[in-house]
Amino acid sequence: MMHKRWNIAEPDCSLRDLLSNSLGIPSVLAQILINRNIRTKEEADMFMRSDMSFLHSPLSLPDIDKAIARIKQAIKNNEKVFLFGDYDVDGVTSCALLKLTLEKLGLQVKYCLPHRVKDGYGINKKAIDFVRKEKFDLFISVDCGITNFKEIELLNSYGIDSIIIDHHEPQEKLPNALAVVDPKLKGHKYPFRDLAAVGVVYKVCQQLCSDSLIDDLDLVLLGTVADVVPLVGENRILVREGLLRLAHTKKPGIAALIDVCRIKGREFDPYDVSFILGPRLNAAGRVSSAEIAFNLLTASSASEAKDLAEQLDIENKRRRDIERGILDEALAKVESEVNFKDHNVIVLSSEGWHQGVLGIVASRLAERFYRPTVIISTNKSLGRGSARSIRDFHIFDALSQCGELLETYGGHSHAAGLTILESNIEKFKVLINEVAKMALEPSDLIRSLDIDTEANLGDISLDLISGLEKLAPFGMGNPEPTFVTYNLFLRGRPSLLGKNTLKFWVSDGRFTYPVVGFGMADKFDFISENRRIDLAYSASLDSWQDSHQAQLNLKDARASQP
């Protein structure tokens, strides 16, 4: 059984004691705050409260003054406005939020969400031709546009003003739009660069309406969590506030989706978006048309919403079937084509793989083999691909270094998309592995577990768990706090709950706690054979039958050293 590499944060004892005393919190909780770069009482108060008052002014965003002025001009003159979005959840929620807001302000708005397979990512000429033919005055792109140089120039040549609202990494040059609103623009000083596109759109809409738009935080939540941006800073505030409102959403479509997923009445967390709601919203854009998800989010009646939510559930089942088939083929290719001694990056291609699920398959392989992974589907000499990465490899930077072999590319540190001529795929495979060989150490290719601090079982109190809950919601950039306790002994034999959950009890001689390993039945033999173990775990209340007892949630275990 492969164990993870444990990265235990170096304790800052003096600062830990200072925060612990000034805040009146356990020292292990103080160390967790330090690990999240919180070093003062004021920063700790802000992090643990994280309410809407801590959001930055929208006016700090680059070009937002130009964007707002142009949209207000469109409202005043009753101009025709066209929105162009993206087919993923971030793009669909962004487009839905902006359309709903502009319509409240009196504008008649048309929109387009590209088809993933037929159109690909980004602004396309077909949409521009429609905008020209129908004589639109203003074109606004959301969650795309930052690399659409030719398309923006084409709009300019037709006398159509354009605004780009995006959050992707810009290149050295920017498209010649009237306004480019992107917190990642170099040379601008917006305090938080990691907003999802729907977060940027939310800021624009706030400024347009001079309103907090609290009732729209459900849309912001969905797009932000589904796009896997870091849950720190403004994202954490938006997600936290959105979760509070999700159960009481005023949008018929979101309420219907919750019903279809059979999760009504629960206390929501990011998991529900990442693994239940988000995949269904994404499924339409993956295997058919994102229009279904958009129509659901903007539905005005419960009956319309119910039909659309059920349709999305069906599309999600179809997506899973397609994904399963391609994953099986990809695993067979890994077996025959990949040499892990030489290949730090997995690059696989095949003709006709469904483009809608390439990103999911790439994620599955990157997770299973802990290697950056690029999956490419070819058709008529052109390949379209999705890339997913691991912790210490910036995939967008790596693609930039392979740019001469790519037709287009774009994305983030851990996820990206590309197009490539089929004739260049083998050269690309060689080059990106050369890039990875320079960037990665052998230890970077061992799955790691970040551990906040060593703790004694006596530290795991109900007061501590109450303090940990104030650090939520957890996700990328704000992981669930993880502890390590050494030299524990087992009380009794472990047992299996259901098919894949492991449960056992550990003690240090004074305190005894239950340990639950969700999805960790494969550790049954290891736990059974080792009477003394070092345990890496998170802590929570045992949710079974509203128990108010603490339980340890297994992350990893090792045999204790004698």
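The values are calculated or read from the model by the stated rules, or taken from the named source; none is laboratory data. Because the structure is predicted, anything quoted here is derived from the model rather than measured. In this analysis, Cβ positions are derived from the backbone assuming ideal geometry, glycine residues included, and neighbour counts consider all displayed protein chains. Accessible surface is based on the protein model in full, side chains and every heavy atom, while ligands, DNA and RNA are left aside. Shrake-Rupley method; radii C 1.70, N 1.55, O 1.52, S 1.80 Å.
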Q.
Let's test this: bin the Cα-Cα distances of the range 413-562 at 5 Å from zero up to the farthest pair and state each bin's percent.
A. 2, 7, 14, 18, 15, 12, 8, 7, 6, 5, 4, 2, 0, 0
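Per the 1.4 Å probe, what fraction of the accessible area of the range 129-226, in percent, lies on carbon and sulfur atoms? Spell out each step's value before the answer.
Numbers: 1640 of 3630 Å².
The nonpolar share, carbon plus sulfur, comes to 45 percent.
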Q) Going by average Cβ neighbours within 10 Å, how do the peptides 280-290, 232-242 rank, with the highest at the top? A) 280-290, 232-242
Q: Pairs to check: Lys317/Lys555; Lys80/Lys104; Lys125/Lys150. Give those whose C-alpha atoms are more than 18 Å from each other in this structure.
A: Lys317/Lys555
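So for each of 377-389, 13-25 I average, over its residues, the number of other beta carbons within 10 Å; can you give me the resulting order with the highest mean first?
Numbers: 377-389: 20.1, 13-25: 14.6.
Final packing ranking: 377-389, 13-25.
Taking the highest mean first, how do the peptides 292-298, 551-557, 99-105, 456-462 order by number of other beta carbon atoms within 10 angstrom per residue? Present the calculation step by step, with values, prior to reporting the outcome.
Values: 292-298: 25.0, 551-557: 21.4, 99-105: 17.4, 456-462: 15.6.
Ranking the peptides 292-298, 551-557, 99-105, 456-462 by packing returns 292-298, 551-557, 99-105, 456-462.
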**Q.** Dipole magnitude of the chain about its Cα centre (Cβ charges: Lys, Arg +1; Asp, Glu -1), debye to nearest 20
**A.** 600
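How large is the accessible surface per residue of the chain, computed with a 1.4 Å probe and reported in Å² as a whole number? Let's see the in-between values first.
Working: 25400 Å² over 562 residues.
Here the per-residue accessible area is 45 Å².
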Q.
Would you report the distance distribution of C-alpha pairs in the range 410-501 as whole percents per 10 angstrom bin, up to the bin with the largest distance?
A. 10, 23, 27, 19, 15, 6, 0
Q) Any idea what Rg and Dmax come out to for the range 40-83 if you just take the C-alpha atoms, in Å? A) 17.4, 51
Q.
Charges on Cβ only, +1 for Lys and Arg, -1 for Asp and Glu, centred on the Cα centroid of the chain; of Ser301, Leu348, Ser400, which one is farthest towards the dipole's positive end?
A. Ser301
Q.
To check my understanding: the extent here is largest minus smallest coordinate of the Cα atoms along each principal axis. What are those three numbers for the range 169-228, in Å, largest first?
A. 37, 27, 20
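Compute the Rg/Rh shape ratio of the chain: radius of gyration over Kirkwood radius, all on alpha-carbon atoms. If you can, show how the numbers build up before the last one.
Numbers: Rg = 24.7 Å, Rh = 25.4 Å.
Radius of gyration relative to Kirkwood radius: 0.98.
Please state, rounded to one decimal and in Å, the Kirkwood hydrodynamic radius that the range 470-516 gives when every pair of distinct Cα atoms enters the mean of 1/r. All intermediate terms of the calculation are to be shown ahead of the outcome.
Working: mean 1/r = 0.0770 Å⁻¹.
One over the average 1/r among Cα pairs gives 13.0 Å for the range 470-516.
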